[in-house]
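Heads up, the thing below is written out as structure tokens.
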Amino acid sequence: MRVPEERLQSPGTRLQPVSVQRQVDRILHGERGQELIQVTLTKDPATGQLDMTWELDAQAYQRVTEVLFGKRMVVTCRDEWSTADIVAAYWGQSRVEQACKQFKNPYHHAVRPQYHWTDQKVKVHTFICIIALLLSQVLVKKATAGGFPFSINQLIDRLSAIRKVESYTVTALRGRPQKEVQFEDMEPELQKLYEALTGETV
């Protein structure tokens, strides 16, 4: 409100009341501005100079802050849900949105490119991507419980650094092949992460 007020006080300024009122209305538009701030325009009969005064309506401010500001209305068709369930579902909305963004990640869980043309194969491809995301979330939950609170992308990047080789040795034609598992050297933190997720000791 100080901008139009300062313009009115500038020497030689002759603004029309209609234009000033239009600018004031534009400033106060939305967020209960016209209800909270009372503006008065007066014109000097002798000089034709406009003067503007404004003040905050204390009673309106108290009512609006107590009734409206800082509150949200959540509407649902789930009549059987309790209030706690509705609020929990609302606050979980950001996680759903984050999961949808994950499908656009070009490095992990990306739905595209598909390389499929039939509806059936596209549906299967999307279903597999969803399963992969769900399994990754299980890994994130397990890693967090083990003391590694990584995001889903951070966790996958770290696990991608693990190099595991399984070799099979045949000692006899009728004998069962002997399997041997070897790991490349890992950093101590990565080794602890692997052990926390698998329960195995490297």
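The values are calculated or read from the model by the stated rules, or taken from the named source; none is laboratory data. Only a predicted model underlies this, so the values are computations on that prediction, with no experimental measurement involved. Methodologically, a virtual Cβ is constructed for each residue, glycine included, from the backbone with ideal geometry; neighbour enumeration extends over all protein chains shown.
Residues considered: Arg2, Arg32, Arg7, Arg63. Of these, the only one that is modelled with pLDDT under 80, among the charged types (D, E, K, R) and surrounded by 10 or more Cβ atoms within 10 Å (Cβ to Cβ) is Arg7. All conditions but one from (1) in a helix (DSSP H, G or I); (2) closer than 27 Å to Ala196 by Cβ; (3) modelled with pLDDT of 90 or more; (4) not acidic (Asp, Glu) apply to Ala99; the one that does not is (3). Only one of the listed residues (Thr76, Thr42, Thr83) is touching a Ser or Thr at 6+ places or on another chain (Cβ under 8 Å) and either free of Cβ contacts under 8 Å to residues at least 40 places away in the same chain or closer than 30 Å to Leu133 by Cβ (or both). That residue is Thr42.
The residue of region 139-176 that is modelled with the lowest pLDDT, among those that are exposed (fewer than 13 other Cβ atoms within 10 Å of the Cβ) and among the charged types (D, E, K, R), is Arg174. Answer with yes or no whether Leu36 is touching a strand residue (DSSP E or B) at 6+ places or on another chain (Cβ under 8 Å) and over 30 Å from Tyr90 (Cβ atoms). No, not satisfied.
Of the residues making up region 117-134, none is surrounded by fewer than 12 Cβ atoms within 10 Å (Cβ to Cβ) and touching a residue at least 24 places away in the same chain (Cβ under 8 Å).
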